[in-house]
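*Asks:* I'd like to ask some things about the structure below.
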4 protein chains.
Amino acid sequence: MSKTKIGIINVTGYAGVELARLLHQHPEVELTCVTGRSAAGQKLGAVFPHLSQIDLTVAAKLGEVDVAFSAMPHKESAEVILPLVKAGIKIVDISADFRLKDAGEYPRWYGFDHPAPELLSKAVYGLPELYRQQISSAQIVANPGCYPTAAILALAPAIKAGIIQPDIIIDSKSGVSGTGRSLSLTTHFSEVNEDVAAYALSGHRHLPEITQELKFLGLKEASVTFVPHLIPMTRGILTTAYASPVAGKIAGGEKGKTELRKLYLDFYQDEPFVSVTESPPHTKHTWGNNLCLIYPTIDGRTGRLIVISCLDNLVKGAAGQAIQNMNLMLGLPETTGLESIAIYP
Amino acid sequence: MSKTKIGIINVTGYAGVELARLLHQHPEVELTCVTGRSAAGQKLGAVFPHLSQIDLTVAAKLGEVDVAFSAMPHKESAEVILPLVKAGIKIVDISADFRLKDAGEYPRWYGFDHPAPELLSKAVYGLPELYRQQISSAQIVANPGCYPTAAILALAPAIKAGIIQPDIIIDSKSGVSGTGRSLSLTTHFSEVNEDVAAYALSGHRHLPEITQELKFLGLKEASVTFVPHLIPMTRGILTTAYASPVAGKIAGGEKGKTELRKLYLDFYQDEPFVSVTESPPHTKHTWGNNLCLIYPTIDGRTGRLIVISCLDNLVKGAAGQAIQNMNLMLGLPETTGLESIAIYP
Amino acid sequence: MSKTKIGIINVTGYAGVELARLLHQHPEVELTCVTGRSAAGQKLGAVFPHLSQIDLTVAAKLGEVDVAFSAMPHKESAEVILPLVKAGIKIVDISADFRLKDAGEYPRWYGFDHPAPELLSKAVYGLPELYRQQISSAQIVANPGCYPTAAILALAPAIKAGIIQPDIIIDSKSGVSGTGRSLSLTTHFSEVNEDVAAYALSGHRHLPEITQELKFLGLKEASVTFVPHLIPMTRGILTTAYASPVAGKIAGGEKGKTELRKLYLDFYQDEPFVSVTESPPHTKHTWGNNLCLIYPTIDGRTGRLIVISCLDNLVKGAAGQAIQNMNLMLGLPETTGLESIAIYP
Amino acid sequence: MSKTKIGIINVTGYAGVELARLLHQHPEVELTCVTGRSAAGQKLGAVFPHLSQIDLTVAAKLGEVDVAFSAMPHKESAEVILPLVKAGIKIVDISADFRLKDAGEYPRWYGFDHPAPELLSKAVYGLPELYRQQISSAQIVANPGCYPTAAILALAPAIKAGIIQPDIIIDSKSGVSGTGRSLSLTTHFSEVNEDVAAYALSGHRHLPEITQELKFLGLKEASVTFVPHLIPMTRGILTTAYASPVAGKIAGGEKGKTELRKLYLDFYQDEPFVSVTESPPHTKHTWGNNLCLIYPTIDGRTGRLIVISCLDNLVKGAAGQAIQNMNLMLGLPETTGLESIAIYP
């Protein structure tokens, strides 16, 4: 029996090549087509030497596939996806074009009117830890952003349990690959190396996505401050989330820490790609794999909850999670092709 | 007339060599003696080739000097300083041994009983922006920690003006040199490179120092959560501080941002080493010099104050500030020997 | 049928954990035992969080296994291996203890008398591209050093073809993980970051290993200068080798380049882990996998041969090649468990 | 008396801003004008925050100055310089436009016909260690390239003494800032970090410059192979040069090493910015200052000379050397404004 055919639209960014790497190594599907405008006509291995083992030529247009991953930029992604939806192809969209449920957010945060607002409710937000069931039967899965994946997984158990107040601070630190392969001074080695800075203080595009999901989890009047920082490394996001406890809902001191830890362990006990750690996690321990590590604790002096999460922004934060979603959509074991151990050091 | 004679006790750490670099280039003083146990008897340039221009031999014991900088570890620093105090020598202590006013904090945070609690009230906390007058006439100046310098300067104007509530979150990101030159897995290149993690979640030693000073600034019942993170760069600290506004004390929206910015500009208008920036600052813009850059803003959606500060942890966070203090103690212009521009890129 | 049982002696260095990562993912063998002195009694995942998926406790002593990898330091490795040899266990030794054929070299380069010189001729140098046949039937395989692997593979085709003179210069650039996980100022992040330097100019221990193999390949009176350099990255070795052509043996100009390239392509045409590239290779394109990339060319102005090779020092330069050897020793397809694509970026 | 007025043409590259930093701190001259096309009209500190202390607006056109530094790209530099030459202004050209004496080399290496070949013989190659006298009375000084500075200083004493043969290999490792501030994938953080590769194997533009100077030093039929490598750091060049000794001209073994070292010490004994080191030098020990460190030795096994040199490519390799030249041209002490110690770590 022939394997399920998979295509990648716009393979030439970092999410695209990471999809190619992982899909080529996936035992149950076959990567049959990759597209890319500037590279069309070239062998994939000529553009990306590390992919020389994949015998594909970059195409200008998607061929016949069963599942398509879109790694197009926002707005263009929706445009390329719409005809595929009509053709009945299953879609995992790496862009933000189907993440927000409220079409009115697109002009504000992304500067365009959504071309198919009626599809927003049909698309499923591709965070398997929250929407596994829906993903399994979805045609369009909106793969979450890297920051939102880390932030939502860090906060979900606490919000669901009703133990934190809606005032939440999310301080995130990201490696440079999260900003993509496009050229800008922001990603010039000499500018980033030996540097750290906050950015997007007037509002990062991942904020409405985070807020939407925290509300769905039960947070009323979410009052979220999100500050991303760029740090001199290639891969990895570490998020430190701060929240005030709801009085009477969680004990103080060591007892509270133990309760909190148990809450998180229970919440994620069956999750193959979330691990609740015993000490503050390191992004290095997720380098190249699909894990999200989470460490919940309580500040002994102030009673404040601190939850730290980390992941590889190109795997659990992009291509790996996309494949996790595809596995669910195809009825495959969720971990297929994603079992690899992080590469350390 | 001969120049003021300066000695460095324990030159062999990163703060020590940075003191040597800056003092050698200082036009009004003369570095006449450097000590160090393991390196005693060797030429300074043999141990640290970048200091070959300084013609000194590392001594086992301090010679005759007018001012001594102690870069000894805590506890040992107090021990070596006490006889110097009796001898009337002016001291700038880079260690934490004279930073905390309450002797009772030393056993708790540093694990030793302070040998001279009576001196704690005489020692002046060496943050010139807050204690310029007292530093000028002090015999012992306790040079602030790197994290506290960034945090206190970020928050001082807001606290003084009474516009923020006592619940404060300080999320700091530090380069590796802040943890010193001692060997540990934590500072092994292969472990730190391509990694970020939080540490000291049960309480970093710089927390009581920060809390003490925020209280002196007027914050009642300070409820400070401080989470330091180690990031893969050598120099630099960036601190992102979050606080809730006191109702009615600061406007919302753009008006509030403007008011806040004016408040900070006014507060620091005469400060030679604090610069209020127009956009989020980069540690790279302080690389090697004594500036602290501060960017205060208001989160438009939540009304929360966000203040970002950054500095070079070995200069304004250690050796540079120590020399700034020395200048004040000697009646020299405060900027003497500290005017150099940051090295970019 | 039960899988072949594998043990790792001294799992706690970088080669050891990389072996554990790769062996755990190997479909045909089972990692049943890992030893380590300091970590004995602890869960492997407690010492190395990225290995949490491996359910093993670090043992003080090796249990019953079919194949043992020794990642002990030199001298100690031979001591621990000798009883295993007697017990008939197959061994892949990551240390240098069985690499040199001449026992007299050990006192000179490694400072100890070899405890079992009679085994040196039985042990096979584990470079499958040169010794595939012998490895298949060996009991002891001496896994090559990281620098020698890159250097020998770069030069083998040219030497075999008799086209270069014996005066060879090998200029190598290595990431920091090659120096191991032990603590030293040399590997302190703040010392290595933003730095490059040559080291071991009076003779690196990998030199006799390189020279031995180049002679076996046919180089008479090998006159090799080898200068290793440490550069600020974690993984990767890049070697630039320079040699003068033998007159009349290779054309000049573009014709010579083409001939040379064909020579290399032919030599390595059946090799699964050597790839002759069309442009100067990047270590990044081997990050985490078992490939050695080689680019041979001729300096158009001087006629000199330049061959550049690169690999991941912990994979093809250590653990990956060790498993490649194990596959051969067990009669498994050579690429089993080693097919993964390099992780980029 | 008013200070000498200095202008920088095209301040917006890395060499340009480094000139601005150093000239602002120079006690004997005044930086009065900086030009730059894209940034014209903006405050220098708005474009480069680390230069906020310099109160200048970027101009579109050079104002009245006594000395002009051109940091324009090649070809454009000559065009902008020619009218200044006629106006009698002293020029230090950071570009390559006046480095090569043979106008015929420009079409071949730089792709343009030199607009003023008659000036090539009047321009002086700005390596003070070789051309101090001529620089003092020159109107146009051609500031050397970063690679040539390191390579020529490494080889000059040996060539002058006639102890090496003309077959020379120069293997250089450079930080990323050497390739400039322009955007390209080559300098994208995610591409350079954790990577090393050779480049320009078909001939780097600095090769004719190196060859020209080695010939002037007395090397007949120079047969130079030059291979530059890009490594993941911002500043610094390390060059490892290899050459065969002329029989009978230098002793072998330890005696030869001592003789060689003495030769180098003598050659550079009066040089303020060249230091002959006792062990292989680190680029880190020149970070931010104008030193070139040189370590000459002999490979004990092959008798081959190995000379390692390093410097900061933006200081001694560009802006610092340019100011050293300016000092000579103005009759100032050569070290004025360039005395600062390297910043470590």
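*Asks:* Under 15 Å between alpha carbons: how many lysine pairs meet that in the stretch D:147-313, if sequence neighbours fewer than 8 apart on the same chain are excluded?
*Replies:* Pairs that pass both the separation and distance tests number 7.
*Asks:* Within 10 Å of each Cβ in B:198-209, how many Cβ atoms from other chains are there, averaged over the peptide?
*Replies:* Mean shielding count: 3.
*Asks:* List the distances, in nm and shortest first, from the label point of D:E79 to the matching label points in every other copy, placing each point 7 Å from Cα along the Cα-to-Cβ direction.
*Replies:* Here D:E79 shows inter-copy label distances of 3.6, 7.0, 7.3 nm.
*Asks:* At a Cα cut-off below 18 Å, give the aspartates and glutamates reachable from A:K90, other chains included and same-chain residues fewer than 8 away excluded.
*Replies:* A:E28, A:E30, A:E64, A:D66, A:E76, A:E79, A:E118, A:E334
*Asks:* Placing a label point 7 Å from Cα toward Cβ, how far apart in nm is C:S182 from its equivalents in the other copies, listed shortest first to one decimal?
*Replies:* Here C:S182 shows inter-copy label distances of 2.1, 4.7, 4.9 nm.
*Asks:* Let me ask another. Taking the stretch C:34-70, which trypsin sites (Lys or Arg not before Pro) meet the DSSP loop condition and have no more than 16 other C-beta atoms within 10 Å?
*Replies:* C:R37, C:K61
*Asks:* For the stretch B:114-198, what is the charge dipole size about the Cα centre, in debye to the nearest 20, if Lys and Arg each add +1 at the Cβ and Asp and Glu each add -1 at the Cβ?
*Replies:* For the stretch B:114-198, the charge dipole is close to 420 debye.
*Asks:* Give me the inter-chain shielding for C:163-174: mean count of other chain Cβ atoms within 10 Å, whole number please.
*Replies:* Averaged over the peptide's residues, the number is 3.
*Asks:* Just to confirm the numbers: C:A40, label point 7 angstrom along the Cα-Cβ line, distances to the other copies in nm, shortest first?
*Replies:* Spacings between copies for this position, smallest first, are 3.9, 6.5, 7.6 nm.
*Asks:* Could you work out [θ]222 nm for chain C from helices alone, using -39500 (n - 2.57) per DSSP H run of at least four and dividing by all its residues? Round to the nearest 500 deg cm²/dmol.
*Replies:* Value at 222 nm, helices only: -8000 deg cm²/dmol.
*Asks:* Follow-up question, since we're still on this one. Report, as an integer, the average count of C-beta atoms from other chains found within 10 Å of each Cβ along A:42-48.
*Replies:* Going residue by residue through A:42-48 and averaging, the value is 1.
*Asks:* As an exercise, take the mean of 1/r over every pair of distinct alpha carbons in the stretch A:147-314, invert it, and state the Kirkwood radius in angstroms.
*Replies:* That comes to 16.4 Å for the stretch A:147-314.
*Asks:* Taking neighbour counts of Cβ atoms within 10 Å as a proxy for exposure, in what order, fewest first, do C:F69, C:F112 appear?
*Replies:* Final ranking by Cβ density, sparse to dense: C:F112, C:F69.
*Asks:* Among DSSP beta bridges lying fully in the stretch A:4-122, give the percent that are antiparallel, nearest 5.
*Replies:* Here the share of antiparallel DSSP bridges comes out near 5 percent.
*Asks:* Moving to a separate point now. With +1 on the Cβ of every Lys and Arg and -1 on the Cβ of every Asp and Glu, and nothing else charged, how large is the dipole of chain D about its Cα centre, in debye rounded to the nearest 20?
*Replies:* Here chain D has a charge dipole of around 160 debye.
*Asks:* So, one more: Would you please give the FRET efficiency between D:K3 and D:D113, computed as 1/(1 + (r/R0)^6) with r the Cβ-Cβ distance and R0 = 30 Å, to the nearest 0.05?
*Replies:* 0.20
*Asks:* With each pseudo-label sitting 7 Å past Cα toward Cβ, what's the A:E221-D:D102 distance in nm, one decimal?
*Replies:* According to this spin-label approximation, the distance is 8.1 nm.
*Asks:* Let me ask another. Equivalent ellipsoid semi-axes for chain B, as square roots of 5 times the alpha carbon gyration tensor eigenvalues: give them largest first, rounded to whole Å.
*Replies:* In descending order the semi-axes read 33, 21, 20 Å.
*Asks:* At 7 Å along the Cα-to-beta-carbon direction for both A:S202 and D:S182, put a label point, then send me their distance in nm to one decimal.
*Replies:* 3.2
*Asks:* Let me make sure I get this right: for the protein assembly as shown, a, b and c are the square roots of the gyration tensor eigenvalues over alpha carbons, sorted descending. Under 1.5 in a/c it's rounded, otherwise prolate if a/b > b/c, else oblate. Which is it?
*Replies:* Rounded.
*Asks:* Compute the Cα gyration tensor for the stretch C:122-185, then decide on rounded, prolate or oblate, letting a ≥ b ≥ c be the square roots of its eigenvalues: rounded whenever a/c is under 1.5, prolate when a/b is larger than b/c in the other cases, and oblate in all that remain.
*Replies:* Since a/c reaches 1.5 but b/c is at least a/b, the shape of the stretch C:122-185 is classed as oblate.
*Asks:* If you don't mind, there's one more thing I want to ask. To make sure I understand, if each residue's beta carbon is the centre and we count other beta carbons within 10 Å, what order do D:T179, B:T149, A:T336 fall in, fewest to most?
*Replies:* By the 10 Å Cβ count, ascending, the order reads A:T336, D:T179, B:T149.
*Asks:* For an R0 of 56 angstrom, estimate the FRET efficiency from the Cβ-Cβ distance between D:L82 and C:R37 and round to the nearest 0.05.
*Replies:* My answer for the efficiency is 0.20.
*Asks:* Turning to a different aspect of this structure: Please sort B:290-301, D:306-317, B:118-129 by packing, taking for each peptide the average over its residues of neighbouring beta carbons within 10 angstrom, highest first.
*Replies:* Going from most to least packed, we get D:306-317, B:290-301, B:118-129.
*Asks:* Exposure proxy check: D:T335, B:T240 ranked by fewest other beta carbons within 10 Å?
*Replies:* Result, fewest neighbours first: D:T335, B:T240.
No value in this document is a laboratory result; all are computed from the given coordinates. This one's a predicted model, so the numbers in the text were calculated from it and none came from an experiment. With ideal geometry, Cβ positions are generated from the backbone for all residues, glycine too; neighbour counts draw on all protein chains shown.
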